[in-house]
Each structure stands twice: as C-alpha cells, then as structure tokens.
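Reviewing the structure listed below.
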Amino acid sequence: MVQCFLIHTVGPVNGLAPGESRVLYSQVFGPEQSALTPLDEIQLEPEQRRLLQKERVAVVARQVRSAVTLSREASGRVLVETVLGEELAAIQEADTGVQRLGRGEPWVGEKTVLWLAVQGLAFTLVTEPHENLLLAEGTLKNITRHCLEHLRMLGTGSDVLLKSDRVDVLLHRLMPHGLLLFANHRFTQSLEKDMTNYMAK
C-alpha cells in the first residue's frame, strides 16, 4: 500500500529558504496516521488535520530534497537541462533513491520512501516497509514518465498546480487507491492506450 505520492521541488525556489522544498502536488491514500495518539487525532478539528497532513508531506519533501542534494554532490555529475521531447532521456539520467522513515517521522509506523529526481522536480512515493520495492520503483518511473511526456512538466512555465486533475487521473489508473498493480504486457498496453487517449483531450 502506498501512503502518499508527491511532486515537489528539489532545486532553489524564489521565496523559499535554502534547503526548503515546495510541494506542488500531493495525494494521500489510506488511513491518515501520524505520530499523535488516536485520542489526540480525534480531538483535532478538520482544519488542524489538514494542516497536520500538509506538514507530514512537507517533512517527506524536505528529507527527499536533502537526499537528492547529497546524491548529486556525491556523483559530481553536472545537470544538463532537458528540453521538451527529451523526457525519456531525462528519466534515464534521473537521480533515484530509497530511504527509510522511522517511527514518528512523521507517521506512527516505519515507511519506505522512493524518489526519482528529474532536474528541479522530484516524484516521491511513501510506501509501507513490506512493499515490493521493484514494483514500487517501476510504478514510480511509469507515473513520472507519463507526467513528463503528457503533462509537459519540464517545459518553461509548466504549472503542475494547474494539472492536478490530470495527475489524479494518472494515479487512479496506474495506482488505484494507492495499490501497486502487478500488470502483464497486454494490460499495460491497454492502459497505455487509454492514458494516451485521455491525455490527448
């Protein structure tokens, strides 16, 4: 089960302090569990719960940004800006990583975080620790590819916030209700065709 999916920045952003990350899109699946006790959760107002969820996602984004920065510094590779039409090359050159979130950081139980950073954007999945990492990684790459190819997220002036409804559809088709799907070749081809037709609208 996937706990949440997010798209966020991993490069400098005007108006943000160094080391901060701006969350451009997030989707939380399943029951919302935080480091608070169930009694504390019940006593929260809806607005407080929303802010708590927002802070959980922000914690993940900050940790992933730090990991991406360290990975890029360690590799010594120079980032080459990718233009529209070179999305597949961008994904192949992307930085990837996996890290563990301990108990209370910020959920009750441990979680596994998978991230894929393409230039200034990171696509991140937070899963249960027992999930199949190969399946999760394949799903994350597939979602990222669709986002970059169909939603043109690498283009100048690309506004992820205005494309959130299309990202919702992508997630619903590729990862319904936060479930990672084992898919055979025919099912994948059919899904790809459906997605291409939908995104062409």
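Within the stretch 164-187, if we keep just the residues that are out of contact with any His (no Cβ under 6 Å at 6 or more places or on another chain) and under 17 Å from Thr124 (Cβ atoms), the residue that is modelled with the lowest pLDDT turns out to be Ser164.
Answer yes or no as to whether Ala17 is outside any strand (DSSP E or B) and modelled with pLDDT under 70. Quick ask: steps written out before the conclusion?
Details: outside any strand (DSSP E or B): yes; modelled with pLDDT under 70: no.
Against the criterion (outside any strand (DSSP E or B) and modelled with pLDDT under 70), Ala17 does not qualify.
Could you tell me whether any residue of the stretch 54-63 is over 23 Å from Pro12 (Cα atoms), modelled with pLDDT of 90 or more, in contact with a strand residue (DSSP E or B) (Cβ under 9 Å, 6 or more places away or on another chain) and not hydrophobic (A, V, I, L, M, F, W, C)? Scanning the stretch 54-63, I find no residue that is over 23 Å from Pro12 (Cα atoms), modelled with pLDDT of 90 or more, in contact with a strand residue (DSSP E or B) (Cβ under 9 Å, 6 or more places away or on another chain) and not hydrophobic (A, V, I, L, M, F, W, C), so the answer is no. For first residues located in the stretch 130-151 and more than 17 Å from Gln189 (Cα to Cα), partners that are among the hydroxyl-bearing types (Ser, Thr, Tyr) and part of a helix (DSSP H, G or I) and lie 6+ apart or on another chain with Cβ distances below 7 Å do not occur. The numbered conditions (1) in a helix (DSSP H, G or I); (2) small (Gly, Ala, Ser); (3) modelled with pLDDT under 75 are all true for Ser190 except (3).
Count of the stretch 102-112 residues, restricted to those that are buried (at least 20 other Cβ atoms within 10 Å of the Cβ) and either part of a strand (DSSP E or B) or of a type in the set (A, V, I, L, M) (or both), is 1.
Here's the yes/no breakdown for (1) more than 24 Å from Glu55 (Cβ to Cβ); (2) of a type outside the set (D, E, K, R):
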{"residue": "Leu101", "(1), (2)": "no, yes"}
{"residue": "Trp107", "(1), (2)": "no, yes"}
{"residue": "Ala117", "(1), (2)": "no, yes"}
{"residue": "Lys141", "(1), (2)": "yes, no"}
{"residue": "Arg173", "(1), (2)": "yes, no"}
{"residue": "Leu179", "(1), (2)": "yes, yes"}
{"residue": "Ser190", "(1), (2)": "yes, yes"}
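The C-beta contact set for the stretch 187-198 (first residue among the hydrophobic types (A, V, I, L, M, F, W, C), second residue outside any helix (DSSP H, G or I), distance under 8 angstrom, 6+ apart or interchain) comprises Leu191/Ala183. Considered as a group, the residues in the stretch 89-101 that are small (Gly, Ala, Ser) and at pLDDT 80 or above include one that is surrounded by the most Cβ atoms within 10 Å (Cβ to Cβ), and that residue is Ala94.
When the stretch 128-163 is filtered for residues that are modelled with pLDDT of 90 or more and small (Gly, Ala, Ser), the ones remaining, listed by number, are Ala136, Gly138. Screening the candidates Met199, Met153, Met175 for the property of being within 20 Å of Arg65 (Cα to Cα) and surrounded by 13 or more Cβ atoms within 10 Å (Cβ to Cβ) yields one hit, Met153.
The values are calculated or read from the model by the stated rules, or taken from the named source; none is laboratory data. Computed from a predicted structure; not experimentally measured. Ideal geometry is used to build each Cβ from the backbone, glycine not excepted, and the neighbour counts take in all protein chains shown.
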